[in-house]
Every structure is written in structure tokens, then in C-alpha cells.
Amino acid sequence: MNKEQEKAQEQEKEQEKEQEKKQEKKQENETADAAQEKTDAPDTKNDNQNGEIESLKKALAEEKEKLLRTAAEYANYRTRTEREKAAVYANAVSDTISEILPIADNIDRAIEASGNAPEEFRKGLEMISNQIAKSLEKLNITVFGEVGDRFDPEFHNAISSIDSDELDSDTIAVVYQKGYKIGDKIIRHAMVQTVN
């Protein structure tokens with residue numbers, strides 16, 4: 001072989017190597033493109049799944065918020081109805097007792113005026129008075145307005161005043177009618193005479 005043929009063969013080999021390299025690059029590019037497409041497809045699927053997960057999380061949060069609001073509204077409703085029920089009870093007891101109090105006052109007056117009456121008569125009146133006091137106590141009714149108590153216009157109704165050296169000023173000197181209350185609700189103010 002001569003030199004020209006050897007050169008031609010070398011050139012052919014180089015051309016074949018270049019074509020092989022180009023073919024390898026082409027295959028590599030095709031493989032890379034295919035791999036990219038495969039990774040792109042799952043990303044799209046993952047993006048869809050992520051979007052669906054986010055929308056479900058948002059819907060769950062909204063439902064949870066609705067549930068919390070409903071629970072809070074129910075707690076408020078329960079508290080309000082318990083208060084209303086207690087107020088209705090207090091009003092009913094107050095209205096009933098306010099009709100019975102004049103009877104209790106008259107029995108107390110009868111006891112005070114029974115100085116010359118027979119002992120059995122006085123004991124009978126005291127028993128009735130004690131029974132009324134126990135019944136009022138069972139109904140959680142508190143009696144207030146005693147001689148020597150501090151005068152409070154929220155509880156007492158002053159109908160007169162006197163000067164006294166024995167009692168402090170702004171205290172009760174005489175109780176004309178006892179006061180009654182249930183809880184914080186005044187059934188009747190005490191009618192009193194105060195010290196200047």
C-alpha cells in the first residue's frame with residue numbers, strides 16, 4: 001500500500017469515528033430529551049397533585065373554621081339560655097314572694113303587738129314567723145335591713161332621719177319593713193329611718 005491509500009484509509013477511519021461520535025451525541029441528546037420528558041411528565045402530575053392537596057387543605061381549614069364557629073355559637077347559646085332560665089326563675093320567685101311578704105310583715109307586727117296576749121297565741125305566731133323564714137331561706141331569699149347596718153340606697157329606702165348620739169351617722173336607726181332579695185335581684189327595699 002502506498003502512502004496515499006494509507007492516508008485515505010486513515011481519513012475514512014477518522015470520518016467513521018466522527019460519524020460514530022455524532023451518532024453517540026445524537027443518541028445522548030435523544031436519551032436526555034426522553035429523560036427530560038419523563039421527568040417533565042411526573043412534574044406535571046406532581047403539580048396537579050400538589051394543587052389538589054392545597055385545595056383540599058384549604059377546604060379542610062374552611063370546614064374546621066365553620067365547626068369552631070358553630071361550637072362557639074352553641075356555647076354562647078347554652079350560657080345565654082342558662083342565664084335566661086335563672087332570671088326567669090328569680091323573677092317568678094320574686095313575683096310570688098312579693099305577694100306573700102305583706103302576710104309575713106303582718107305576722108311580725110302581730111308578734112310585736114302581742115305583749116298582753118296569752119303565751120300560746122304568741123308561740124303560735126312565732127312558729128308561723130319561723131316557718132316563713134325557713135321557707136324563704138330554702139328559696140335562697142336573703143333578708144336585709146337591720147338596726148345598726150350601714151345605710152345603702154341600693155338596698156334601703158330612707159323614709160325619715162333622726163339625730164342620735166348612740167348610733168353612727170348614715171346607719172339605720174329603725175326598720176319599718178325588712179328588705180328581701182334573691183341573688184342580686186332586690187325583691188323589696190327595706191324601709192328604714194336613718195341617723196344624720
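With viscosity 1.306 mPa s and temperature 10 °C, the Kirkwood radius over alpha carbon pairs of the chain converts through Stokes-Einstein to a diffusion coefficient of 60 µm²/s. Please check the chain for the longest run free of GluC sites (Glu not before Pro) that are loop-located per DSSP (anything but H, G, I, E, B) and have at most 11 other Cβ atoms within 10 Å. The segment 1-153 is the longest one with no such site. Restricting attention to the chain, close to 65% of DSSP beta bridges with both partner residues there are antiparallel. Under 19 Å of direct C-alpha separation, and excluding same-chain neighbours fewer than eight residues apart, K85 reaches these lysines: K138, K181, K185. Approximating the spin labels as points 7 Å out from Cα along Cα→Cβ, the A59-to-A158 distance works out to 7.2 nm.
Normalising the average separation of contacting C-alpha pairs (under 8 angstrom, six or more residues apart) by the number of residues puts the relative contact order of the range 136-196 at 42 percent.
What a 1.4 Å probe finds exposed on the chain is 49% carbon and sulfur by accessible area, rounded to a whole percent. Taking Cα atoms only, the orientation of helix 3-113 departs from the longest principal axis of the chain by about 10 degrees. Using the Cβ-Cβ distance between E120 and D149 with R0 set to 35 Å, the FRET efficiency works out to roughly 0.55. Projecting the Cα atoms of A71, I103, A92 onto the charge dipole of the range 44-109, computed from C-beta unit charges around the Cα centre, puts A71 farthest toward the positive end.
Beta bridges from DSSP with both residues in the range 84-196: antiparallel share about 65 percent, rounded to the nearest 5. A straight line joining the Cα centroids of the range 49-88 and the range 152-189 runs 50 Å.
The values are calculated or read from the model by the stated rules, or taken from the named source; none is laboratory data. This structure is a prediction, so every number in the text was calculated from the model and none was measured. Positions of Cβ are backbone-derived with ideal geometry, glycine not excepted, and every protein chain shown enters the neighbour counts. Side chains are part of the model used for accessible areas, which takes the heavy atoms of the whole protein and leaves out ligands, DNA and RNA. Shrake-Rupley method; radii C 1.70, N 1.55, O 1.52, S 1.80 Å.
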